[in-house]
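The values are calculated or read from the model by the stated rules, or taken from the named source; none is laboratory data. Remember, predicted model here, so these are calculated numbers, not experimental data. As a convention, Cβ positions derive from the backbone with ideal geometry for all residues, glycine included, and neighbour counts pool all protein chains shown.
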Amino acid sequence: MSDAVPNEVLNLENIACPNNFVRTKLKLEEMETGQTLEVILDDGEPIRNVPRAVKEEGHEILKAEKIDNKWKILIKKI
Amino acid sequence: MKLTDAQIERYSRQLILPNIGGKGQEKILNAKVLVIGAGGLGSPASLYLASAGVGKIGIVDSDKVEVNNLQRQIVHSTSTVGKPKVDSAKERLNAINPEIEIVPFNLRLTSANIMDIIKDYDIVVDGSDNFPTRFLVNDACVLAKKPLSHGGIFRFDGQAITILPGESACYRCLFPEPPPPGLVPSCQEAGILGVVAGIIGTIQANEVLKYILKTGDLLTGRLLVFNALDSSFRQVKVPKDPNCPVCGKNPTVTELIDYEQFCQVKPRSAAGGSDG
Ligand SMILES: [Zn+2]
């Protein structure tokens, strides 16, 4: 399932904390339970903060991979 | 309704909160709150409600801004002295948040006009400084089944309670009748520390936001009492009184009453009604 095409994609490159999390949270609110969201994040603070905050809201991080100096994470809405 | 980029930016620090998010922010943007009195309590209450994005805020006050108000009525400025308080407040609140609607009511509330004014709002904040207005607002809210946040301040003390008519105790369950004229000193006589107004008015704004968001526990059935000198908060349980003159089983107050104003110091100005 994690190899399937995500339901939604959000590119949050160059978006600082906590606005990257705000955007992620608002997108997840609009989605259905069980759907997946792919988020592109910068390295550093964003990758340290956003997945943790997403988990605190009760969602699942299915995958996190580093591509050059960006991160691609896959979230499952719970 | 979808939040704009500008709204996401403006409200981001509260959008993050688990109890708010995009859906909660939409509730706040769609909410209509009436603030009675643009004084010591109405100032912080309206400042926080406007900042949070409450879509429509009505403000009732018949007074003009005076220099001696500025020590506690923080919505006003030295530059707005002499202007009607409602216009001064509107100016400041829209300067903070231009996207919300501020409706000024430059008038004194009476039994003849209050029902028509409160009917358009979801919840009422009472920041009035006198017993006639306080009882009038309580009775009108009970009769119209309109949620009400009561706040009162006196010297170094403050109190607040939230009233859900029919469900929780009202102001008359606590104080059945206004005190006789002359027994209680007016705010002008008593004096008031500005921060006490700030703390209680801010608690009232918090009650309104929780009511709008349907989150947390409202201050219903319990009176919060604050003392600034020892920095203490106490809570006093206030059960619904079955013999309450307005919300009890056999109410004697079935229509609105205009009690006489009895402030001896500044009768005309104090009749307007804001804060303390
Ligand atoms: Zn009552």
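With among the hydrophobic types (A, V, I, L, M, F, W, C) and surrounded by fewer than 18 Cβ atoms within 10 Å (Cβ to Cβ) as the only criterion, which of B:VAL75, B:VAL103, B:VAL86 stands out? So that I can check it myself, show each step before the final result.
Values: B:VAL75 fails: surrounded by fewer than 18 Cβ atoms within 10 Å (Cβ to Cβ); B:VAL86 fails: surrounded by fewer than 18 Cβ atoms within 10 Å (Cβ to Cβ).
Answer to the selection: B:VAL103.
Only one of B:ILE192, B:ILE203 is among the β-branched types (Val, Ile, Thr), surrounded by 16 or more Cβ atoms within 10 Å (Cβ to Cβ) and at pLDDT 95 or above; which? Give the steps one after another, and end with the answer.
On the way: B:ILE192 fails: at pLDDT 95 or above.
Residue meeting the stated conditions: B:ILE203.
Assess whether A:THR24 counts as being more than 14 Å from chain B (Cβ to nearest Cβ), among the hydroxyl-bearing types (Ser, Thr, Tyr) and closer than 23 Å to B:LEU3 by Cβ. Break it down stepwise before answering.
Numbers: more than 14 Å from chain B (Cβ to nearest Cβ): no; among the hydroxyl-bearing types (Ser, Thr, Tyr): yes; closer than 23 Å to B:LEU3 by Cβ: yes.
No; evaluated as a whole, the condition is false for this residue.
Just give me the residues in the range A:17-49 being part of a loop (DSSP other than H, G, I, E, B) and surrounded by 12 or more Cβ atoms within 10 Å (Cβ to Cβ), in sequence order.
Just the residues of the range A:17-49 that are part of a loop (DSSP other than H, G, I, E, B), to begin with: A:17-18, A:31-35, A:43-44.
Scanning the range A:17-49 gives A:CYS17, A:PRO18, A:MET31, A:GLN35, A:ASP43.
Considering only residues that are within 10 Å of the ligand (Cβ to nearest atom) and under 15 Å from B:VAL137 (Cβ atoms), which ones fall in the range B:159-172?
Residues satisfying the conditions are B:ILE163, B:PRO165, B:CYS170, B:TYR171, B:ARG172.
Quickly run through the range B:224-256 and pick out the residues that are surrounded by fewer than 11 Cβ atoms within 10 Å (Cβ to Cβ) and of a type in the set (Val, Ile, Thr).
B:THR252, B:THR254
Looking at (1) free of Cβ contacts under 8 Å to residues at least 40 places away in the same chain; (2) within 14 Å of chain A (Cβ to nearest Cβ), which is the only condition B:LYS27 fails?
Condition not satisfied by B:LYS27: (1).
With the condition kept exactly as written, say whether any residue in the range B:61-72 is crowded, with 18+ Cβ neighbours inside 10 Å, among the β-branched types (Val, Ile, Thr), over 10 Å from the mean Cα position of the chain (by Cα) and outside any helix (DSSP H, G or I). It would help to see each step written out before you state the result.
Pass one, the range B:61-72, residues crowded, with 18+ Cβ neighbours inside 10 Å: B:61-65, B:69, B:72.
With the extra rule that they be among the β-branched types (Val, Ile, Thr), the set shrinks to B:65.
When the remaining residues are screened for being over 10 Å from the mean Cα position of the chain (by Cα), the result is B:65.
Of the ones still in play, those that are also outside any helix (DSSP H, G or I) are B:65.
Taking every residue of the range B:61-72 in turn, at least one turns out to be crowded, with 18+ Cβ neighbours inside 10 Å, among the β-branched types (Val, Ile, Thr), over 10 Å from the mean Cα position of the chain (by Cα) and outside any helix (DSSP H, G or I).
Can you tell me which condition B:ASP5 does not meet? The list is (1) more than 28 Å from A:ASN20 (Cβ to Cβ); (2) acidic (Asp, Glu); (3) surrounded by fewer than 18 Cβ atoms within 10 Å (Cβ to Cβ), and all the others hold.
B:ASP5 satisfies every listed condition except (1).
Count, please, the residues in the range B:99-149 that happen to be assigned to a helix (DSSP H, G or I), under 20 Å from B:LEU218 (Cβ atoms) and within 15 Å of the ligand (Cβ to nearest atom). Walk me through how you get there before you give the answer.
Initially, the range B:99-149 is screened for residues assigned to a helix (DSSP H, G or I), giving B:114-118, B:131-144.
This time we only want the ones that are under 20 Å from B:LEU218 (Cβ atoms), so: B:118, B:134, B:137-138, B:140-142, B:144.
From what is left, the residues that are within 15 Å of the ligand (Cβ to nearest atom) are B:134, B:137-138, B:140-142, B:144.
Final tally of qualifying residues: 7.
Quick one: which residue in B:SER51, B:SER43 is surrounded by 24 or more Cβ atoms within 10 Å (Cβ to Cβ), modelled with pLDDT of 95 or more and in a helix (DSSP H, G or I)?
Values: B:SER51 fails: surrounded by 24 or more Cβ atoms within 10 Å (Cβ to Cβ).
Exactly one residue qualifies, and that residue is B:SER43.
With aromatic (Phe, Trp, Tyr) and more than 14 Å from chain A (Cβ to nearest Cβ) as the only criterion, which of B:TYR11, B:TYR48 stands out? Walk me through how you get there before you give the answer.
Details: B:TYR11 fails: more than 14 Å from chain A (Cβ to nearest Cβ).
After ruling out the rest, the residue left standing is B:TYR48.
If only one of B:LYS90, B:LYS64, B:LYS32 is at pLDDT 95 or above and farther than 14 Å from B:ASN106 by Cβ, which one is it? Talk me through it step by step, then tell me what you get.
Working: B:LYS90 fails: farther than 14 Å from B:ASN106 by Cβ; B:LYS64 fails: farther than 14 Å from B:ASN106 by Cβ.
B:LYS32 is the lone residue from the list that is at pLDDT 95 or above and farther than 14 Å from B:ASN106 by Cβ.
Scan the range A:27-50 residue by residue and report those that are free of Cβ contacts under 8 Å to residues at least 24 places away in the same chain and more than 14 Å from chain B (Cβ to nearest Cβ).
In the first step, residues of the range A:27-50 are kept if they are free of Cβ contacts under 8 Å to residues at least 24 places away in the same chain; the result is A:27, A:29-30, A:44, A:48.
Listed by number, the residues that qualify are A:GLY44, A:ARG48.
Pull out all pairs, ordered by first then second residue, where Cβ-Cβ is under 7 Å, the residues are six or more apart or on different chains, the first lies in the range B:75-99 and is in contact (Cβ under 8 Å) with a residue 40 or more places away in the chain, and the second is part of a helix (DSSP H, G or I) and among the polar types (S, T, N, Q).
Here the result reads B:SER88/B:THR80; B:ALA89/B:SER46; B:LEU93/B:SER46; B:ILE96/B:SER51; B:ASN97/B:SER51, each pair linking the range B:75-99 to a residue that is part of a helix (DSSP H, G or I) and among the polar types (S, T, N, Q).
Under 6 Å between Cβ atoms, which residue pairs at least 6 apart in sequence (or on different chains) link something in the range B:243-261 that is away from the ligand (no atom under 12 Å from the Cβ) with a partner that is at pLDDT below 95 and part of a loop (DSSP other than H, G, I, E, B)?
Hits for this filter: B:TYR259/B:PRO178; B:GLN261/B:ALA271.
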